[in-house]
1. Looking for something closer than 28 Å to Tyr27 by Cβ, in contact with a helix residue (DSSP H, G or I) (Cβ under 9 Å, 6 or more places away or on another chain) and of a type in the set (D, E, K, R) - is there at least one such residue anywhere in region 50-58?
2. What about Lys108, is it basic (Lys, Arg) and either modelled with pLDDT of 80 or more or under 30 Å from Val8 (Cβ atoms) (or both)?
3. List the pairs whose first member sits in region 69-95 and is farther than 18 Å from Lys46 by Cβ and without any contact (Cβ under 8 Å) to a residue 60 or more places away in the chain, whose second member is charged (D, E, K, R) and part of a helix (DSSP H, G or I), and whose Cβ atoms are under 6 Å apart, counting only residues at least 6 apart or on separate chains?
4. Identify the residue in region 19-35 that is β-branched (Val, Ile, Thr) and at pLDDT 90 or above and, among all such residues, is nearest to Leu85 (Cα to Cα).
5. Does region 1-36 hold any residues that are free of Cβ contacts under 8 Å to residues at least 24 places away in the same chain and surrounded by 15 or more Cβ atoms within 10 Å (Cβ to Cβ), and which are they?
6. I want to confirm something. Restricting to region 1-32 and keeping residues that are more than 14 Å from Val52 (Cα to Cα) and among the charged types (D, E, K, R), which single residue is farthest from the chain's Cα centre (by Cα)?
7. Search region 67-81 for residues being among the acidic types (Asp, Glu) and surrounded by 10 or more Cβ atoms within 10 Å (Cβ to Cβ), and hand back the single one that is farthest from Met57 (Cα to Cα).
8. Restrict the check to region 38-52 and report whether at least one residue is among the hydrophobic types (A, V, I, L, M, F, W, C), closer than 22 Å to Leu83 by Cβ and in contact (Cβ under 8 Å) with a residue 24 or more places away in the chain.
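The values are calculated or read from the model by the stated rules, or taken from the named source; none is laboratory data. Being a predicted model, the structure only gives us computed values, none of them experimental. Here the Cβ positions follow ideal geometry from the backbone for every residue, glycine too, while neighbour counts run over all protein chains shown.
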Amino acid sequence: MSYFDKYVMLIILVKVVFVILAVSHLYFNIKGKTDSKTDKKIVFWKERVEFVFITLMSLMLIYLFNPRSNRNLELDFETKLLLYLFGFILLITAKWEIFFKESPLFKKIQEAV
């Protein structure tokens, strides 16, 4: 197994941990226990794991698309899947409220509706 394959497996492991934490937080949210000490710990670690995931994915992008590298870029299924999911995660976790509150175009659309 190459270093890159091990790196991809590490990213997948981090993503699985994130999903478990997110589902746990959702469970506490549904039960109405978002103020509990356990849920606060879960949210704390979920945010940290998400940051680690984004950092690892960013480093992988830098490695894969380095313009000075002469390697032939062939992505395996796991790498394509991670890049696909990374795009969705960036869209979901983006600070959309900042865009919608400050955008003059969005304010004009709201006024028209």
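1. Of region 50-58, the ones closer than 28 Å to Tyr27 by Cβ are 50-57.
Of the ones still in play, those that are also in contact with a helix residue (DSSP H, G or I) (Cβ under 9 Å, 6 or more places away or on another chain) are 50, 52-54, 56-57.
Those still in the list that are of a type in the set (D, E, K, R) too: 50.
Yes, there is a match, as at least one residue in region 50-58 is closer than 28 Å to Tyr27 by Cβ, in contact with a helix residue (DSSP H, G or I) (Cβ under 9 Å, 6 or more places away or on another chain) and of a type in the set (D, E, K, R).
2. On the way: basic (Lys, Arg): yes; either modelled with pLDDT of 80 or more or under 30 Å from Val8 (Cβ atoms) (or both): no.
For Lys108, the condition - basic (Lys, Arg) and either modelled with pLDDT of 80 or more or under 30 Å from Val8 (Cβ atoms) (or both) - is not met.
3. Going by the 6 Å Cβ cut-off, there are no qualifying pairs.
4. Residues of region 19-35 β-branched (Val, Ile, Thr): 19-20, 23, 30, 34.
Those still in the list that are at pLDDT 90 or above too: 19-20, 23, 30.
Details: Val19: 12, Ile20: 16, Val23: 17, Ile30: 25 Å.
Ranking the qualifying residues of region 19-35, first place goes to Val19.
5. Ser24, His25, Phe28
6. Lys31
7. Of the residues in region 67-81, the ones among the acidic types (Asp, Glu) are 74, 76, 78.
Cutting the leftovers down to surrounded by 10 or more Cβ atoms within 10 Å (Cβ to Cβ) gives us 76, 78.
Working: Asp76: 15, Glu78: 12 Å.
Once the filter is applied, the top-ranked residue is Asp76.
8. Start the filter on region 38-52 by keeping residues that are among the hydrophobic types (A, V, I, L, M, F, W, C), which leaves 42-45, 49, 51-52.
Now drop any that are not closer than 22 Å to Leu83 by Cβ, which leaves 49, 51-52.
Right, trim to in contact (Cβ under 8 Å) with a residue 24 or more places away in the chain and you get 49, 52.
Looking through region 38-52, at least one residue is among the hydrophobic types (A, V, I, L, M, F, W, C), closer than 22 Å to Leu83 by Cβ and in contact (Cβ under 8 Å) with a residue 24 or more places away in the chain.
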